[in-house]
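*Asks:* This is the structure I want to talk about, given as structure tokens.
The values are calculated or read from the model by the stated rules, or taken from the named source; none is laboratory data. Being a predicted model, the structure only gives us computed values, none of them experimental. Glycine also receives a Cβ, built like all others from the backbone with ideal geometry; neighbour counts cover every protein chain displayed.
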2 protein chains.
Amino acid sequence: MIALLYTFLFFPLAFAIWPRPQNLTTGTIPLRLSPSFSIKLSGVSQVPKDLSDAIQRTTNFLKTDKLQALVPDRGASSSDAVTSAKVLQSLTAKLSQTSGSVKSISEGAMAGLGASDESYTLQVPANGGTATLTANTALGLFRGLITFGQLWYDLDGTTYTLNAPIQITDSPAYPYRGFMLDTSRNYFPVDDIKRTLDAMSWVKINHLHWHIVDSQSFPLVVPGFEELSQKGAYSSSQVYTPDNVKDIVAYAAARGIDVMVEIDTPGHTAIISKSHPEHIACPEASPWSQFANEPPAGQLRLASPATTQFTANLFKAVSSMFPSKLLSTGGDELNTNCYAKDGPTQQDLKSQGKTLEQALDTFTQATHSVLEASGKTPVVWEEMALEHQVKLSNETIVLVWISSQHVAAVAQKGFRLIHAASDFFYLDCGAGDWLGDNINGNSWCDPFKTWQKSYSFNPTDGLTTTQAKLVVGGQQLLWAEQSGPSNLDSIVWPRAAASAELFWSGPGGDVRTALPRLHEVAYRFMQRGVRAIPLQPQWCALRPGACDIDA
Amino acid sequence: MIALLYTFLFFPLAFAIWPRPQNLTTGTIPLRLSPSFSIKLSGVSQVPKDLSDAIQRTTNFLKTDKLQALVPDRGASSSDAVTSAKVLQSLTAKLSQTSGSVKSISEGAMAGLGASDESYTLQVPANGGTATLTANTALGLFRGLITFGQLWYDLDGTTYTLNAPIQITDSPAYPYRGFMLDTSRNYFPVDDIKRTLDAMSWVKINHLHWHIVDSQSFPLVVPGFEELSQKGAYSSSQVYTPDNVKDIVAYAAARGIDVMVEIDTPGHTAIISKSHPEHIACPEASPWSQFANEPPAGQLRLASPATTQFTANLFKAVSSMFPSKLLSTGGDELNTNCYAKDGPTQQDLKSQGKTLEQALDTFTQATHSVLEASGKTPVVWEEMALEHQVKLSNETIVLVWISSQHVAAVAQKGFRLIHAASDFFYLDCGAGDWLGDNINGNSWCDPFKTWQKSYSFNPTDGLTTTQAKLVVGGQQLLWAEQSGPSNLDSIVWPRAAASAELFWSGPGGDVRTALPRLHEVAYRFMQRGVRAIPLQPQWCALRPGACDIDA
């Protein structure tokens, strides 16, 4: 049999690699895994623990995934071909580095934006024997292991592909591929976060943007600031202790994910009033709609030197809990009426002879300088760059959230930016207004953002070539007003894989050829215990293209 | 201490009874359950097994619910009151019937629409001792046991209420309170259906409308028609065998739920072409949009005498699998172009000298007469009453689904009706278009239907007093194009409790006072392993009214 080799930018068959590699060549020869298939690391004297763990997980998934091909007969008609296929005995993973100590996956993940090489090459021969994975870093090997785990189907207990030989050369288009989780509106136990990190790693997402606290609750236990969570968490069990944080950060890093924590300030801080009433303006003021975008109202007294110092100290303490070089200080949805009605703030402004914007500038510089002293890059929501008169360091990275229409304005100011626009990437949109008595109310960001919508985003739309270089990546986001552990997986997966591919593979993907692969992501996730949803009737999932508009 | 007794139509406190009883009187005296609390059945010589099982389940939930009060301190400030409260030792359940054999819950549930008395009275004294539950039937006792299970909170292991004495007299406003599940677009394992039945019973829903087959798959194994599922189920494991059906029907009945199966005909039958191509017009015809409302196209050849006989025989076989007196024959979304382009149908019409509508009338009468001969009441989607020239028996019950605006027209024709309108009750709306390549597409029934929307429906809007009597009840519905086991619970609960209260308690409920109770439904469901979602940030759930529009 002659291997018919052809390169696909888009795959004509369902073939579950997600995100799609930069270069992929496949054949049409069946190949199966040996029952004693193993993954060997070659030429590394001291194997990082997280790499050997990743190899073990990959080996286990090859045994337990049991994903049947998504075709009407689930692969049955390939039975003879599979039974008589040659056998792949092993995968050899090699680092191009041949001497010296090898940096772990975790070190690579936390090295800083784009500082660690994620590229890899993978070769699966058609004649059996040994496949080869090569990378410059443990992080690159990890990305390749994930890809290798996506090549296989199950038929009556045999793990096989119909597409050998397979050759892949791959690397990411953007260094930041994220997912944001809000753990303040509703609390998510540590295990839910870990399961999410696993799922993220399976589609090569490399940043968890952890919106850990907000006006509703303060679950983070911060050494030296324990009163914040004692008074501000929903309960003593709905918290993230320093040990939990360490555990989550390490779990993420071992999966190639950096954890960027956000302490949203000076707005979105109402709950701090429970432990520090002196620092909060308009706490739970009524009617809330005059003082905040959602209940409860309450913002840090940004004009107060004591509050500024408190916030700077809090940032310093939080900085030391999270090894990432990125830390988000928030800065969205500042309500000016809250400050206009706050006596102490008005007094502070008057005594300092400052406008609110001038005070915000002082507050921001004071709090950001603590981060910079700790070696952190501040990340802010777009208002800080677009709506306020605040001097931000050139290093600052801006999260565009209100609208994708604002991307160009941020780029024009010369800031690096992360795509997180509500009109493309908000996973919570479309679930109705959650206010108690708004009978006919819709979601503020209606309609629901489908995976197709996110997937079709163009990261450099309206940008010059120079400005395009400011785009570090993007992410989908889950705000948790209407979410908890019960619907975490089903709201996020497989939808959040859309931006994972967009920012790994680059834009221009075709939803028609992406969908069969995305179905496989969903079904594989379900096999692995992540409650991804079916995007279509199973009838459609088994028949690529049959449920397109004009099919 | 003097008990301050006052009657609430709407409760000023969160007090988790759902649906709200017709009459409720509560006090302000704390009361706790004895650690050895028990439920005793009095005056019944032969206790139906399903009743003793229900008592056991109720007793277990009292121990395992561990639902903390939804207040900011989760009940801590009531600690002294709870500790010193009097102790309720037992609940005595009594049937007003004192002799003869007692009908089981199951017999009551399946007796026919409104044929079994569901009323009960419940008295919980303030001074401890024994509470009393009285009903005319085992089914009534079961409804009362469910209510009793909702009265209690947990504080450090003690099960308590702050609202004794409690007196309830209760009965349903409507005999049909349903939930519809589509198991054809995606398959749901038996355990998922059972968990759903449990949850339904906790809010006194008494009908499962099981849309078991459709164009996408035929999971029902029908004796004598095994080829339908052999060729039409997604796989040999994604089926409901006769034993599964028996099991599910019995499980439902023991929980006061009647299972109304639907075999949707003559449309929505494409998958039958896999085993019986001779009976299906336009199978998987392309482009599907000219032949059906969604892929795949395919409809029973309603003008064919052989197909009519096949369908009648199928109905007869299915009828004998489901003891309910209700069976839905469907009848929605008939595509005339499919028949216009189908040679055999055109030949049949020509040879019989009939129009398509006349043939549909013949088909319907022939297939419905089989049901009537089996003692079943046919249930149809609204088009059969409003769009077609079909003579339906006066006994027929019509499901209004396209729009609530069509209710009056159905009533005007004198048919009994079930509210199931997409603009109020469709749980799947608002999740985006699921067609593969519709990048900017929204759900056809956008926006999302919030619980508030369903809850605020008026079942007799626009009807005369006489017509209003034709309303037998209503239901929320889950069409499963974008659902599977992963999001079943989270899409359905607690939202589907909205219609449960609407059709048990009657209309006119206030969303502001309902929400605190609905939060308790959600949190209690989570405690019991049903993945209900939080409707709001937990901050709001702990502070009734604080997240209303004008709060």
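*Asks:* Do the conditions hold for A:ASP247, that is, is it under 22 Å from the mean Cα position of the chain (by Cα), modelled with pLDDT of 95 or more and within 13 Å of chain B (Cβ to nearest Cβ)? Full working, then the answer.
*Replies:* Details: under 22 Å from the mean Cα position of the chain (by Cα): yes; modelled with pLDDT of 95 or more: yes; within 13 Å of chain B (Cβ to nearest Cβ): no.
Spelling it out, it is not the case that A:ASP247 is under 22 Å from the mean Cα position of the chain (by Cα), modelled with pLDDT of 95 or more and within 13 Å of chain B (Cβ to nearest Cβ).
*Asks:* With the structure loaded, tell me whether A:SER45 is among the small types (Gly, Ala, Ser) and without any contact (Cβ under 8 Å) to a residue 24 or more places away in the chain or whether it fails that test.
*Replies:* Taking the combined requirement at face value, the residue satisfies it.
*Asks:* Moving on. Identify all residues within the range B:479-490 that are touching a strand residue (DSSP E or B) at 6+ places or on another chain (Cβ under 6 Å) and crowded, with 24+ Cβ neighbours inside 10 Å; write none if there are none.
*Replies:* Within the range B:479-490, just B:ALA480 meets the criteria.
*Asks:* So, A:LEU515, is that one surrounded by 24 or more Cβ atoms within 10 Å (Cβ to Cβ) and either at the interface with chain B (Cβ under 8 Å from one of its Cβ atoms) or closer than 17 Å to B:SER483 by Cα (or both) or not? Steps first, please.
*Replies:* Details: surrounded by 24 or more Cβ atoms within 10 Å (Cβ to Cβ): yes; either at the interface with chain B (Cβ under 8 Å from one of its Cβ atoms) or closer than 17 Å to B:SER483 by Cα (or both): yes.
So A:LEU515 fits the description; yes.
*Asks:* Of the numbered conditions (1) farther than 27 Å from B:MET260 by Cβ; (2) within 14 Å of chain A (Cβ to nearest Cβ), B:PRO305 satisfies every one except a single condition; which is it?
*Replies:* (2)
*Asks:* Among the residues in the range B:207-219, are any surrounded by fewer than 22 Cβ atoms within 10 Å (Cβ to Cβ) and assigned to a loop (DSSP other than H, G, I, E, B)?
*Replies:* Taking the range B:207-219 and keeping what is surrounded by fewer than 22 Cβ atoms within 10 Å (Cβ to Cβ), we get none.
No: the range B:207-219 contains no residue that is surrounded by fewer than 22 Cβ atoms within 10 Å (Cβ to Cβ) and assigned to a loop (DSSP other than H, G, I, E, B).
*Asks:* Turning to a different aspect of this structure: Restricting to helices (runs of 4 or more DSSP H) lying wholly in the range B:413-478: which have 2 or more residues that are more than 18 Å from the chain's Cα centre (by Cα) and more than 14 Å from chain A (Cβ to nearest Cβ)?
*Replies:* Qualifying helices (runs of 4 or more DSSP H): B:465-468.
*Asks:* Any idea which residue in the range A:74-105 is nearest to the other protein chains (Cβ to nearest Cβ), counting only those that are under 23 Å from A:SER34 (Cβ atoms) and of a type in the set (A, V, I, L, M)?
*Replies:* Our first condition is that a residue be under 23 Å from A:SER34 (Cβ atoms); within the range A:74-105, this holds for A:74-76, A:78-94.
Subsequent filtering for residues that are of a type in the set (A, V, I, L, M) retains A:76, A:81-82, A:85, A:87-88, A:91, A:93.
Details: A:ALA76: 10, A:ALA81: 20, A:VAL82: 18, A:ALA85: 23, A:VAL87: 27, A:LEU88: 27, A:LEU91: 30, A:ALA93: 33 Å.
Taking the candidates together, the pick is A:ALA76.
*Asks:* For the structure I just gave you, tell me whether B:TYR240 is of a type outside the set (A, V, I, L, M) and over 14 Å from the mean Cα position of the chain (by Cα).
*Replies:* yes
*Asks:* Write out, first by first residue and then by second, each pair whose Cβ atoms fall under 7 Å of each other, whose residues are 6+ apart or on separate chains, and whose first residue, in the range A:129-155, is over 26 Å from A:GLN527 (Cα atoms) while the second is in a helix (DSSP H, G or I).
*Replies:* A:ALA135/A:LEU141; A:ALA135/A:GLY144; A:THR137/A:GLY108; A:ALA138/A:LEU51; A:ALA138/A:ILE105; A:ALA138/A:GLY108
*Asks:* If only one of B:PRO219, B:PRO175 is within 18 Å of B:SER328 (Cα to Cα), in contact (Cβ under 8 Å) with a residue 12 or more places away in the chain and within 14 Å of chain A (Cβ to nearest Cβ), which one is it?
*Replies:* Among B:PRO219, B:PRO175, only B:PRO219 is within 18 Å of B:SER328 (Cα to Cα), in contact (Cβ under 8 Å) with a residue 12 or more places away in the chain and within 14 Å of chain A (Cβ to nearest Cβ).
*Asks:* A follow-up question, please. Hand me the list of strands (runs of 3 or more DSSP E) wholly inside the range A:139-196 holding 2 or more residues that are β-branched (Val, Ile, Thr) and crowded, with 21+ Cβ neighbours inside 10 Å. Full working, then the answer.
*Replies:* Details: elements: A:153-155, A:158-170, A:176-182.
The strands (runs of 3 or more DSSP E) meeting that bar are A:158-170.
*Asks:* Related question: Which ones in the range A:250-293 are touching a helix residue (DSSP H, G or I) at 6+ places or on another chain (Cβ under 8 Å), over 30 Å from A:GLU118 (Cα atoms), among the hydrophobic types (A, V, I, L, M, F, W, C) and in contact (Cβ under 8 Å) with a residue 24 or more places away in the chain?
*Replies:* Residues satisfying the conditions are A:ILE271, A:ILE272, A:ALA281, A:CYS282, A:ALA285, A:PHE291, A:ALA292.
*Asks:* Using the structure shown, decide if A:PRO266 is within 25 Å of the chain's Cα centre (by Cα), closer than 30 Å to A:ASP50 by Cβ and either small (Gly, Ala, Ser) or away from every other protein chain (no Cβ under 14 Å) (or both). Let's see the steps before the verdict.
*Replies:* Working: within 25 Å of the chain's Cα centre (by Cα): yes; closer than 30 Å to A:ASP50 by Cβ: no; either small (Gly, Ala, Ser) or away from every other protein chain (no Cβ under 14 Å) (or both): yes.
So A:PRO266 fails the test.
*Asks:* Going by the conditions given, is A:ARG528 more than 7 Å from every other protein chain (Cβ to nearest Cβ), closer than 25 Å to A:GLU262 by Cβ and basic (Lys, Arg)?
*Replies:* Numbers: more than 7 Å from every other protein chain (Cβ to nearest Cβ): yes; closer than 25 Å to A:GLU262 by Cβ: no; basic (Lys, Arg): yes.
No; evaluated as a whole, the condition is false for this residue.
*Asks:* Quick one: which helices (runs of 4 or more DSSP H) lie wholly within the range A:296-372 and hold at least 3 residues that are of a type outside the set (S, T, N, Q) and closer than 19 Å to A:VAL222 by Cα?
*Replies:* A:305-321
*Asks:* Under the condition of being part of a loop (DSSP other than H, G, I, E, B) and under 18 Å from B:GLY436 (Cα atoms), which residue from the range B:278-290 is farthest from the other protein chains (Cβ to nearest Cβ)?
*Replies:* For the range B:278-290, the residue satisfying everything is B:ALA285.
*Asks:* In addition: Just to be sure I understand, how many residues within the range A:350-366 are more than 23 Å from A:VAL400 (Cα to Cα) and crowded, with 20+ Cβ neighbours inside 10 Å?
*Replies:* 1
*Asks:* What tally of residues in the range B:276-304 results from selecting those that are of a type in the set (Gly, Ala, Ser) and under 25 Å from B:GLN365 (Cα atoms)?
*Replies:* Pass one, the range B:276-304, residues of a type in the set (Gly, Ala, Ser): B:281, B:285-286, B:289, B:292, B:297-298, B:303-304.
Imposing the further condition that a residue be under 25 Å from B:GLN365 (Cα atoms) reduces the set to B:281, B:292, B:297-298, B:303-304.
Final tally of qualifying residues: 6.
*Asks:* In addition: Kindly evaluate A:ILE272 against the criterion of being at pLDDT 95 or above, within 14 Å of chain B (Cβ to nearest Cβ) and buried (at least 22 other Cβ atoms within 10 Å of the Cβ).
*Replies:* Working: at pLDDT 95 or above: yes; within 14 Å of chain B (Cβ to nearest Cβ): yes; buried (at least 22 other Cβ atoms within 10 Å of the Cβ): yes.
Against the criterion (at pLDDT 95 or above, within 14 Å of chain B (Cβ to nearest Cβ) and buried (at least 22 other Cβ atoms within 10 Å of the Cβ)), A:ILE272 qualifies.
*Asks:* So which of A:SER374, A:SER369 is over 30 Å from A:PRO295 (Cβ atoms), at pLDDT below 95 and surrounded by fewer than 21 Cβ atoms within 10 Å (Cβ to Cβ)? Outline the logic, then answer.
*Replies:* Values: A:SER369 fails: at pLDDT below 95.
When all the criteria are applied, what remains is A:SER374.
*Asks:* When A:PHE503 is evaluated against the numbered criteria (1) within 22 Å of A:ASP65 (Cβ to Cβ); (2) touching a Gly at 6+ places or on another chain (Cβ under 7 Å); (3) more than 9 Å from chain B (Cβ to nearest Cβ), which criterion, by number, is the only one it fails?
*Replies:* Only one criterion is unmet by A:PHE503, namely (1).
*Asks:* What is the number of the single condition among (1) touching a residue at least 24 places away in the same chain (Cβ under 8 Å); (2) of a type in the set (A, V, I, L, M, F, W, C); (3) closer than 30 Å to A:PRO544 by Cβ; (4) surrounded by fewer than 24 Cβ atoms within 10 Å (Cβ to Cβ) that B:LEU470 does not meet?
*Replies:* (3)
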